[in-house]
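Data first, discussion second: the structure below is written as structure tokens.
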Amino acid sequence: MPLGTLDGTPPPFFRQGPSALSKLTFFSLLALFLMVADARLELARPLRVAVAAALYPVQWLALRPVVWVQGGGKYFESLKRSQTSEEAALYKLGLQSQRASQVEQLLLENTRLRALLTLRERVTTPSQAAQVLYDAADPYTRKVIIDRGLLDGVAAGSPVLDEAGVLGQVTRVYPMISEVTLITDREQAIPVLNTRTGARGVAFGDPALHANALELRFMAANTDVQVGDLLTTSGVDGVYPPGLPVAKVAKVDRRVDSAFARISCEPLALVSGVVHVMVLQPVASQIASQPVAPAPAGSVRKGLKK
């Protein structure tokens, strides 16, 4: 077969159709047309809504791990912030509670100091203020240590008072401190006067009943003593000035088998927990310090003639 008779055209199966440039131009124009039409006429809006509705569950499931991680981080962050805030609030509450207790203590101390100053104005005996440092170490005695001593002019036997009444007596004096034996000590006795009846007696420390008690001893069983009677210093001992409040009668036991009544008293002074006190000069020292009146001139001449 001669070569000229052969067909040189490719079979239909290998036909390439439009060229690539033609396709690019066509689809570019189509895309531009669709964009303009969608912007003007919103032709693709229903399609987007349908696709978004179909893809929402997939998006929700895909975002769950991210949301859980973010939520967990925020939870721990808020938990730490809450714990820090709670600690700060508790610390602030502790400070406020401490300040409140300090304010109450200062108010109580201020009230006692005012009462002590008022008592100092009423007492004519020379006095000075002192502060209780600590209780004595001996558990069998009732003694306290104050911050005034020989250098401050404190003498042995000086009465010690608080804002309510007689607290005790100075028994030992050191250069800068002094030891005060309280009226509730078993070896302490103080002459007292019943302000209602005028009867005199002697009150002794009575630790047998309880730590803060007095006993009015050697009172006859038929003595007129009632619960609530006020006992003050009688001033006959030369130590305590007269009229200082000491105690109140708490119990009267008239026993038929004894000639004396058992009378228990409660001290008016704050024998436990007192802080500020007032130290008086002993009455005997004031009497001794008074100048002796000079003898009349006539008596001196008579003595010379004799």
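Rule-based calculations on the coordinates, nothing more; no lab input. These numbers were taken from a predicted model, which means no experiment stands behind them. Here Cβ is always computed from backbone atoms with ideal geometry, including for glycine, and neighbour counts include all displayed protein chains.
Observations
- Model label zone, Ala44; criterion: amide N under 12 Å from point 7 Å along Cα-to-beta-carbon; scope segment 17-35: 30-35
- Segment 35-95-segment 218-253 distance, computed between alpha-carbon centres (Å): 85 Å
- Counted residue by residue at 0.36 nm each, then reduced by the alpha carbon distance between them, the extension gain from Ser78 to Tyr140 reaches 16.3 nm.
- Reachable aspartates and glutamates from Lys251, criterion Cα separation under 20 angstrom, eight or more residues apart if same chain: Asp185, Asp206, Glu215, Asp224, Asp229, Glu266
- Here segment 127-289 has an Rg and Dmax of 15.8, 53 Å, counting Cα atoms alone.
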